[in-house]
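Q: Structure incoming, see below.
Nothing in this text is a laboratory measurement; each read-out follows from the coordinates by a stated rule. Remember, predicted model here, so these are calculated numbers, not experimental data. Glycine gets a Cβ as well: all are built from the backbone with ideal geometry, and neighbour counts include every protein chain shown.
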């Protein structure tokens with residue numbers, strides 16, 4: 001591997017988007033690499049010519065609808081100078097971008113991180129789909145890149161990726177967007193989401209959270225996932241057919257309709273998924289349910305441990321132990337800045353003054369910083 005491949009300059013095309021900014025931090029802070037950035041929608045960034053001339057790795061993190069055209073433009077500008085480069089993309093549709101990159105002389109891999117730009121510094125615990133198309137001289141460095149990302153990598157062809165994304169992404173989004181439409185139509189009669197959540201089940205709370213997540217993010221992303229993948233229309237047709245069958249069974253409202261419901265929507269689905277997958281999925285649901293119950297507890301404190309090192313959490317827990325306090329639940333989360341915060345829940349029978357004394361100990365001994373106290 002050449003020196004340029006050991007410490008290549010990274011060119012981020014689409015550097016001003018959420019993922020572009022995250023990738024810049026990742027390459028600079030986790031891999032110690034120099035990063036050039038350009039964004040077609042922003043002035044003051046690098047020119048495509050500078051990216052081609054000075055970077056050895058180009059990574060396209062641009063909107064789905066524009067990615068193929070942007071790659072084609074870079075190929076024309078490079079005019080063969082990309083021969084010794086590595087080109088990557090991270091769009092949610094892979095067939096078009098990978099096919100476009102293969103028209104270059106660069107080595108090519110399509111990537112799809114199955115998460116929005118994370119708050120964490122790596123993709124640890126998240127899935128990364130890897131569509132290796134043309135990789136030879138850059139294989140060693142690319143392996144180092146994947147190792148640094150710490151993602152759960154899944155290999156795929158672009159075609160298979162896009163067919164699966166019609167289910168994993170587009171179908172999930174479509175069903176929740178349809179739920180949002182139904183909730184909107186019922187809002188005048190029953191109220192909005194705030195009026196419904198007091199009656200929530202775990203399932204409704206999770207579905208509401210997913211819908212809210214979609215509505216809180218960049219709508220162009222969800223639009224392109226529906227409109228930019230040719231496998232979405234057949235999926236929507238099948239989804240529509242299944243809903244029509246469900247409606248038909250319920251409309252019958254007799255033993256025949258109920259039997260059809262059980263056979264088509266319960267028994268057949270269970271057989272297809274398999275007992276192992278059903279049991280694992282049910283267990284995951286129960287775990288999430290317990291988590292939501294913990295987070296809904298009325299007595300809790302949130303704490304940041306500035307000294308993020310071995311033993312910090314033990315010191316925190318020991319402070320409560322010294323005051324005879326049993327902790328009902330403990331959960332961690334990460335802020336956009338990367339700080340780890342702990343949320344500790346307490347039962348109603350622990351006197352508030354006892355918790356207050358423990359908090360004073362945490363402060364006096366500089367164990368942590370209490371961010372929120374709901375006790």
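Q: Which FRET efficiency value, to the nearest 0.05, do you get for residue 284 and residue 193 by plugging their Cβ-Cβ distance into 1/(1 + (r/R0)^6) with R0 = 30 Å? Present the calculation step by step, with values, prior to reporting the outcome.
A: Values: r = 24 Å, r/R0 = 0.81.
With a Förster radius of 30 Å, E is 0.80.
Q: So what's the range 300-374 giving for Rg/Rh, alpha carbon basis, Kirkwood Rh from the mean inverse pair distance? Let's see the in-between values first.
A: Working: Rg = 11.7 Å, Rh = 12.5 Å.
Radius of gyration relative to Kirkwood radius: 0.94.
Q: To continue, here is another question. Using Cα pairs under 8 angstrom and six or more residues apart, how large is the relative contact order of the chain, in percent?
A: Working: 500 pairs, mean separation 40.3, N = 375.
RCO, the chain: 11 percent.
Q: Take the alpha carbon gyration tensor of the range 126-179, find the square roots of its eigenvalues, order them as a ≥ b ≥ c, and report rounded if a/c is under 1.5; if not, report prolate when a/b exceeds b/c, else oblate.
A: Numbers: a/c = 4.89, a/b = 2.13, b/c = 2.29.
Oblate, because a/c is 1.5 or more while a/b does not exceed b/c.
Q: Next up: With a point put 7 Å past each Cα toward its Cβ, work out how far residue 148 is from residue 291 in nm, to one decimal.
A: Reported label-point gap for residue 148 and residue 291 is 2.9 nm.
Q: Which shape class applies to the range 157-230: rounded if a/c is under 1.5, otherwise prolate when a/b exceeds b/c and oblate if not, where a ≥ b ≥ c are the square roots of the Cα gyration tensor eigenvalues? Working shown, then result.
A: Values: a/c = 2.91, a/b = 2.24, b/c = 1.30.
Because a/c hits 1.5 or more and a/b exceeds b/c, the range 157-230 counts as prolate.
Q: Right, next: Pull out the extension gain between residue 240 and residue 184, defined as 0.36 nm times the separation in residues minus the alpha carbon to alpha carbon distance; nm, one decimal.
A: Values: separation 56, 0.36 × 56 = 20.16 nm, distance 1.97 nm.
Fully extending the segment from residue 240 to residue 184 adds 18.2 nm.
Q: Another one. How far apart, in nm, are the 7 Å Cα→Cβ label points at residue 66 and residue 263?
A: Here the answer is 5.3 nm between the modelled labels.
Q: Please give the per residue volume of the convex hull enclosing the alpha carbon atoms of the range 3-156, rounded to a whole number of Å³. Don't jump to the answer; show the numbers that get you there.
A: Numbers: hull volume 15.3 nm³, N = 154.
Roughly 99 Å³ of hull volume per residue.
Q: Let me ask another. Beta carbons within 10 angstrom, averaged per residue: use that to sort the peptides 313-321, 191-199, highest first. Let's see the in-between values first.
A: Values: 313-321: 16.6, 191-199: 10.7.
Answer by packing, highest mean first, reads 313-321, 191-199.
Q: What order do you get for 118-125, 183-190 when each peptide is scored by the mean count of other beta carbon atoms within 10 Å, highest first? Don't jump to the answer; show the numbers that get you there.
A: Numbers: 118-125: 14.6, 183-190: 10.6.
Top of the packing list down: 118-125, 183-190.
Q: A further question on this structure: Work out how much length residue 79 to residue 369 would gain on full extension: take 0.36 nm times their residue separation and subtract the Cα-Cα distance, in nm to one decimal. Let's see the in-between values first.
A: Values: separation 290, 0.36 × 290 = 104.40 nm, distance 5.62 nm.
Residue separation times 0.36 nm, minus the Cα-Cα distance, leaves 98.8 nm.
Q: Just rank 62, 115, fewest to most, by other beta-carbon atoms within 10 angstrom. Present the calculation step by step, with values, prior to reporting the outcome.
A: Numbers: 62 26, 115 14.
So the ranking, lowest neighbour count to highest, is 115, 62.
Q: Taking the Cα centroid of the range 47-123 and of the range 184-215, what is the distance between the two, rounded to the nearest whole Å?
A: 39
Q: Would you list 375, 131, 153 from fewest to most Cβ contacts within 10 Å?
A: 153, 375, 131
Q: If neighbour count is taken as other Cβ atoms inside 10 Å, put 262, 24 in order from fewest to most.
A: With the fewest neighbours first, 262, 24 line up as 262, 24.
Q: Which order do peptides 302-312, 75-85 fall in by mean Cβ count within 10 Å, highest first?
A: Packing order, densest peptide first, comes out as 75-85, 302-312.
Q: How much length, in nm to one decimal, is gained on full extension between residue 333 and residue 31, taken as 0.36 nm per residue of separation minus their Cα-Cα distance? Could you put the intermediate results ahead of the total?
A: Values: separation 302, 0.36 × 302 = 108.72 nm, distance 2.43 nm.
Answer, rounded to one decimal: 106.3 nm.
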